[in-house]
1. Take the residues of the stretch 128-142 that are in contact (Cβ under 8 Å) with a residue 12 or more places away in the chain and either part of a loop (DSSP other than H, G, I, E, B) or of a type in the set (Ser, Thr, Tyr) (or both): which is nearest to residue 42 (Cα to Cα)?
2. Quick one: in the stretch 143-163, of everything that is part of a loop (DSSP other than H, G, I, E, B) and of a type outside the set (S, T, N, Q), which residue is nearest to residue 42 (Cα to Cα)?
3. List the number of the failed condition for residue 66; all other conditions in (1) surrounded by 18 or more Cβ atoms within 10 Å (Cβ to Cβ); (2) of a type outside the set (S, T, N, Q); (3) closer than 27 Å to residue 147 by Cβ; (4) at pLDDT below 95 hold.
4. Restricting to the stretch 2-58, give me the number of residues that are more than 17 Å from residue 150 (Cβ to Cβ), touching a Phe, Trp or Tyr at 6+ places or on another chain (Cβ under 8 Å) and not in a strand (DSSP E or B).
5. How many residues are touching a Lys or Arg at 6+ places or on another chain (Cβ under 7 Å), within 19 Å of residue 105 (Cα to Cα) and surrounded by fewer than 19 Cβ atoms within 10 Å (Cβ to Cβ) when one looks only at the stretch 1-43?
6. Has the stretch 44-51 got at least one residue that is among the charged types (D, E, K, R), in contact with a Pro (Cβ under 9 Å, 6 or more places away or on another chain), crowded, with 17+ Cβ neighbours inside 10 Å and in contact (Cβ under 8 Å) with a residue 24 or more places away in the chain?
7. Residue 17 versus (1) farther than 30 Å from residue 164 by Cα; (2) in contact (Cβ under 8 Å) with a residue 12 or more places away in the chain: which is the lone unmet condition?
8. Return yes when residue 128 is β-branched (Val, Ile, Thr), crowded, with 17+ Cβ neighbours inside 10 Å, more than 17 Å from residue 6 (Cα to Cα) and modelled with pLDDT of 90 or more and no when it is not.
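The values are calculated or read from the model by the stated rules, or taken from the named source; none is laboratory data. Please read all numbers here as calculations on a predicted model, not as lab measurements. Quick reminder, even Gly has a Cβ in these numbers, built from the backbone with ideal geometry, and neighbours come from all protein chains shown.
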Amino acid sequence: MTELTDFELPNAAAGPDPLRLREYASDPDRDAIVLLFQRDYHCPKCREQVQTVASRYDEFVDRRTAVISILPESIEQATRWNDQYDLPFPLLADESKTTSDQYDQPTRFGALGSLHDMVGRMPEAVLIDATGQEPTIEYVHRGKLPADRPTVDDLLERIDALVSARV
């Protein structure tokens, strides 16, 4: 579908630090990657999402899929999250929000929303097919509200559909 935009960000959790997406996607044991763009450090729905994904991470691993959570905060804030949740997947700090913007993470409320993530930034999920020579974006969910994000079951169904489409 769409070729992905590469990035390199500091990682506060499992995996390489810093994490470079294209290099991470090239691992032959990995067929897909789910990027979860979070709203901000304080967002209860974001915290719930990473904890739920962590509790069911084996289901992603069974599908040869990695999850990467991207927090539009400093590495210190990302480290605080990981200290609380001990995530089994990368938790990247996108303090400048450059990567979030490159992936068109939605924001609301115009200039006000761009100044304060808690008000403006909405969640986003991106499914990447990492099996080809060039990784491609196969699915994007851009939230319109803070709770508008795919469930773990939704993500697993998308991954299963991607695998079925390859056969």
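1. Start the filter on the stretch 128-142 by keeping residues that are in contact (Cβ under 8 Å) with a residue 12 or more places away in the chain, which leaves 128-131, 134-142.
Now drop any that are not either part of a loop (DSSP other than H, G, I, E, B) or of a type in the set (Ser, Thr, Tyr) (or both), which leaves 130-131, 134-136, 139.
Details: 130: 31, 131: 35, 134: 35, 135: 32, 136: 31, 139: 26 Å.
For the stretch 128-142, the residue satisfying everything is 139.
2. Residues of the stretch 143-163 part of a loop (DSSP other than H, G, I, E, B): 143-151.
Those left that are additionally of a type outside the set (S, T, N, Q): 143-150.
On the way: 143: 17, 144: 18, 145: 15, 146: 12, 147: 14, 148: 16, 149: 16, 150: 19 Å.
Applying the filter and picking the extreme gives 146.
3. Answer for residue 66: the failing condition is (4).
4. Number of matching residues: 9.
5. Residues meeting the conditions: 3.
6. Quick first cut of the stretch 44-51, residues among the charged types (D, E, K, R) only: 45, 47-48.
Keeping just the survivors that are in contact with a Pro (Cβ under 9 Å, 6 or more places away or on another chain) gives 45.
Among the residues that remain, those that are also crowded, with 17+ Cβ neighbours inside 10 Å are: none.
For the stretch 44-51, residues among the charged types (D, E, K, R), in contact with a Pro (Cβ under 9 Å, 6 or more places away or on another chain), crowded, with 17+ Cβ neighbours inside 10 Å and in contact (Cβ under 8 Å) with a residue 24 or more places away in the chain: absent.
7. (2)
8. On the way: β-branched (Val, Ile, Thr): yes; crowded, with 17+ Cβ neighbours inside 10 Å: yes; more than 17 Å from residue 6 (Cα to Cα): no; modelled with pLDDT of 90 or more: yes.
Taking the combined requirement at face value, the residue does not satisfy it.
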